[in-house]
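Student: This is the structure, below, for whatever I ask next.
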């Protein structure tokens, strides 16, 4: 058999491979944000607070957070140069404005191009999603305290899911919008 007879077969294989990669991208678009997947980030940042999934802030915000680790919201979170570089590359690569997960895309779209919030609780999309929840259930709730304490109410935040159906506010219960 001549090579020209293999071209339709090779083209078909290429089409199937391309289709599979597109399906994978579409699957990612259906999720909220990708969960943390870098053990170093989980270990270093998660030792003091919830290791926020990178898709909750745009790259420009993560770059500023990483540049200010010497005074990280009043504390020193300084890292050795190699660890800092590895974590920064991970955060920038997986930031809200660089990925395709559904909620990450909405987060990125909610920010003007010249804004780089340093706090998750300052992201317009996140503020808007929490606008109907009374302050007594967040700020006045000792078990929550602020929007930055995602895991207090979002039962699957560690897996990147922030669905309203999975909210359980301490002292209140399930949130039903």
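The values are calculated or read from the model by the stated rules, or taken from the named source; none is laboratory data. Since the structure is predicted, the reported quantities are computational estimates derived from the model, not experimental observations. Note that each Cβ is placed from the backbone with ideal geometry, even for glycine, and that neighbours are counted across all protein chains shown.
Student: Which count do you get for residues in region 141-154 that are touching a helix residue (DSSP H, G or I) at 6+ places or on another chain (Cβ under 9 Å), surrounded by fewer than 16 Cβ atoms within 10 Å (Cβ to Cβ) and farther than 13 Å from residue 51 by Cα?
Tutor: 3
Student: Say whether the condition of being in a helix (DSSP H, G or I) and either in contact with a helix residue (DSSP H, G or I) (Cβ under 6 Å, 6 or more places away or on another chain) or at positive phi (or both) is met by at least one residue in region 156-164. First the steps, then the outcome.
Tutor: Within region 156-164, the first condition is being in a helix (DSSP H, G or I), and the residues that meet it are 157-159, 164.
Those still in the list that are either in contact with a helix residue (DSSP H, G or I) (Cβ under 6 Å, 6 or more places away or on another chain) or at positive phi (or both) too: 157.
The answer is yes, given that some residue of region 156-164 is in a helix (DSSP H, G or I) and either in contact with a helix residue (DSSP H, G or I) (Cβ under 6 Å, 6 or more places away or on another chain) or at positive phi (or both).
Student: Please go through (1) in contact with a helix residue (DSSP H, G or I) (Cβ under 9 Å, 6 or more places away or on another chain); (2) in a helix (DSSP H, G or I) for residue 117 and return the number of the only condition it doesn't satisfy.
Tutor: Answer for residue 117: the failing condition is (2).
Student: Could you tell me which of the residues 108, 104, 63 is in a helix (DSSP H, G or I), more than 16 Å from residue 160 (Cβ to Cβ) and in contact (Cβ under 8 Å) with a residue 12 or more places away in the chain?
Tutor: Numbers: 108 fails: more than 16 Å from residue 160 (Cβ to Cβ); 104 fails: more than 16 Å from residue 160 (Cβ to Cβ).
That would be 63, the only listed residue that is in a helix (DSSP H, G or I), more than 16 Å from residue 160 (Cβ to Cβ) and in contact (Cβ under 8 Å) with a residue 12 or more places away in the chain.
Student: Could you tell me whether region 64-73 includes any residue that is exposed (fewer than 15 other Cβ atoms within 10 Å of the Cβ), more than 22 Å from the chain's Cα centre (by Cα) and either at pLDDT 95 or above or on the phi > 0 side of the Ramachandran plot (or both)?
Tutor: Taking every residue of region 64-73 in turn, at least one turns out to be exposed (fewer than 15 other Cβ atoms within 10 Å of the Cβ), more than 22 Å from the chain's Cα centre (by Cα) and either at pLDDT 95 or above or on the phi > 0 side of the Ramachandran plot (or both).
Student: Right, next: Pick from region 42-60 the residues that are more than 13 Å from the chain's Cα centre (by Cα) and in contact (Cβ under 8 Å) with a residue 12 or more places away in the chain: which of them is farthest from residue 125 (Cα to Cα)?
Tutor: Ranking the qualifying residues of region 42-60, first place goes to 44.
Student: Sort out which residues of region 70-101 are over 24 Å from residue 161 (Cα atoms), in contact with a helix residue (DSSP H, G or I) (Cβ under 7 Å, 6 or more places away or on another chain) and part of a helix (DSSP H, G or I), and write them in order of number.
Tutor: Going through region 70-101, the residues over 24 Å from residue 161 (Cα atoms) turn out to be 70-86.
When the remaining residues are screened for being in contact with a helix residue (DSSP H, G or I) (Cβ under 7 Å, 6 or more places away or on another chain), the result is 76-79, 83-84, 86.
83, 84, 86, listed by residue number.
Student: Continuing with this model, one more query. Specify which of the listed residues (104, 96, 116) is more than 22 Å from residue 176 (Cα to Cα) and surrounded by fewer than 18 Cβ atoms within 10 Å (Cβ to Cβ). Break it down into steps so the answer makes sense when it comes.
Tutor: On the way: 104 fails: surrounded by fewer than 18 Cβ atoms within 10 Å (Cβ to Cβ); 96 fails: surrounded by fewer than 18 Cβ atoms within 10 Å (Cβ to Cβ).
Result of the check over 104, 96, 116: 116.
Student: Taking interchain pairs and intrachain pairs at least six residues apart, which have beta carbon atoms under 6 angstrom, with the first residue in region 129-141 and in a loop (DSSP other than H, G, I, E, B) and the second modelled with pLDDT of 95 or more and buried (at least 18 other Cβ atoms within 10 Å of the Cβ)?
Tutor: Taking only residues 6 or more apart or on different chains, the pairs are 138/144.
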